[in-house]
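**Student:** Got a structure here, written out as structure tokens. Questions coming.
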Amino acid sequence: MMQRKIAFIGGGNMAAAIISGLIASGYEKSLITVSAPSEATRTRFSDQIGVLATADNVDAASKADVVVLAVKPQLMREVCEGLKGISNIDQKLFLTIAAGTAVQLYRDILSPNLKIIRIMPNTPSLVGEGVSGLFADDAITVQDKSFTTDLMSAVGKVVWVDKESEINHVIAIAGSAPGYLFLFLEAMQDKAMALGFDSAQARELILQTAKGVVALAQHEQDLGFNQLRANVTSKGGTTFEALNVFDKNGLKATVDEAMQAAIDRAQSMETEFSKAKKS
Ligand SMILES: NC(=O)c1ccc[n+]([C@@H]2O[C@H](COP(=O)([O-])OP(=O)(O)OC[C@H]3O[C@@H](n4cnc5c(N)ncnc54)[C@H](OP(=O)(O)O)[C@@H]3O)[C@@H](O)[C@H]2O)c1
């Protein structure tokens with residue numbers, strides 16, 4: 001991949017995951033700087049990971065070609081206000097991984113011509129198995145998009161969306177989905193333990209099943225999830241009986257409602273954070 005000077009503003013779990021992925025794929029460590037207020041975080045990056053670390057967001061961003069905004073959404077406005085006025089801002093590529101922060105928010109604060117790409121990664125990125133939704137408008141060059149694809153490919157798969165509103169759909173489909181799937185695993189573990197299995201046995205049975213199901217679906221690329229389900233369900237059998245209960249209790253409608261709630265929350269965060277500027 002192209003090697004550009006990158007500054008990460010914020011050195012949390014997601015920044016650490018991306019940086020570790022980049023280094024593992026051969027990215028030059030001396031091109032990466034992390035800016036974070038706490039000394040403990042900076043020491044972790046400089047001593048354990050071997051990249052540059054600073055407490056000065058402006059200095060880090062000024063020296064970089066690519067600025068990755070990796071703080072919590074609630075802090076994003078304040079952090080961007082602090083970066084206002086850095087030189088050559090329109091030549092730099094900005095990437096934001098914060099949910100609920102629209103492209104317009106960054107252009108309002110930093111520059112109307114800001115080159116900004118929205119990225120929505122998910123937690124499995126922490127183990128290199130993430131998937132990220134990416135959005136860029138027409139102001140972004142093919143080279144910048146390609147760089148960003150390579151960057152996020154260091155921690156998993158990448159899916160570009162055509163409209164900014166679709167980033168909120170990616171949040172519902174992938175960003176928040178680890179939470180839904182963990183809930184399902186947890187519910188199964190609760191029942192297994194009620195049946196007398198200890199938590200380790202239950203975890204092993206459930207995790208290996210989940211892993212096997214994913215492997216099977218990846219192996220049978222031509223089969224839809226509905227067909228894969230049908231293939232494991234004999235009429236009148238045990239799976240059939242269990243699935244009937246999910247059906248009777250409206251699992252699909254519940255999933256639909258839950259995913260819509262995630263989308264609605266992402267949209268209301270965008271409104272919340274964009275309004276904050278006028279107050
Ligand atoms: N984790 C995920 O699975 C995930 C998934 C999708 C999107 N995201 C998004 O990614 C972003 C980061 O998430 P995270 O989980 O990595 O967060 P996190 O672990 O809480 O890390 C946030 C980082 O921001 C730093 N920070 C706080 N104030 C700052 C300031 N004024 N200037 C510079 N840095 C500052 C903190 O520094 P100290 O360490 O010094 O306190 C910390 O390193 C969030 O917007 C989140 O919504 C995360």
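**Student:** State whether the residues of the range 87-101 include one that is touching a residue at least 12 places away in the same chain (Cβ under 8 Å), assigned to a loop (DSSP other than H, G, I, E, B), open to solvent by less than 10 Å² (accessible area, probe 1.4 Å) and among the hydrophobic types (A, V, I, L, M, F, W, C).
**Tutor:** Yes, that holds for at least one residue.
**Student:** Has the range 184-195 got at least one residue that is over 11 Å from M120 (Cα atoms) and either in contact (Cβ under 8 Å) with a residue 60 or more places away in the chain or not in a helix (DSSP H, G or I) (or both)?
**Tutor:** Yes, because at least one residue in the range 184-195 is over 11 Å from M120 (Cα atoms) and either in contact (Cβ under 8 Å) with a residue 60 or more places away in the chain or not in a helix (DSSP H, G or I) (or both).
**Student:** Another one. Are any residues in the range 114-133 surrounded by fewer than 20 Cβ atoms within 10 Å (Cβ to Cβ) and hydroxyl-bearing (S, T, Y), and if so, which ones?
**Tutor:** Residue satisfying the conditions is T123 alone.
**Student:** Counting only residues that are closer than 19 Å to E164 by Cα and touching a Ser or Thr at 6+ places or on another chain (Cβ under 8 Å), which one in the range 71-99 is nearest to the ligand (Cβ to nearest atom)?
**Tutor:** Filtering the range 71-99 for residues that are closer than 19 Å to E164 by Cα and touching a Ser or Thr at 6+ places or on another chain (Cβ under 8 Å), the one nearest to the ligand (Cβ to nearest atom) comes out as P73.
**Student:** Among the candidates A136, A55, A60, single out the residue that is without any contact (Cβ under 8 Å) to a residue 60 or more places away in the chain, within 14 Å of the ligand (Cβ to nearest atom) and buried (at least 21 other Cβ atoms within 10 Å of the Cβ).
**Tutor:** The match here is A60.
**Student:** For F45, indicate whether it is open to solvent by 10 Å² or more (accessible area, probe 1.4 Å), out of contact with any Ser or Thr (no Cβ under 6 Å at 6 or more places or on another chain) and hydrophobic (A, V, I, L, M, F, W, C).
**Tutor:** Answer is no for this residue.
**Student:** For the range 130-170, which positions are of a type outside the set (K, R) and within 11 Å of the chain's Cα centre (by Cα)?
**Tutor:** G130, V131, S132, G133, L134, M152, V155, G156, V158, I167, V170
**Student:** Something else about it: Any chance the range 24-41 includes a residue that's within 9 Å of the ligand (Cβ to nearest atom), of a type in the set (S, T, Y) and without any contact (Cβ under 8 Å) to a residue 12 or more places away in the chain?
**Tutor:** yes
The values are calculated or read from the model by the stated rules, or taken from the named source; none is laboratory data. Everything quoted here is computed from the prediction, not taken from an experiment. Neighbour counts run over all protein chains shown; Cβ positions are idealised from the backbone, glycine included. Surface areas here come from the heavy atoms of the whole protein model, side chains and all, with no ligands, DNA or RNA. Shrake-Rupley method; radii C 1.70, N 1.55, O 1.52, S 1.80 Å.
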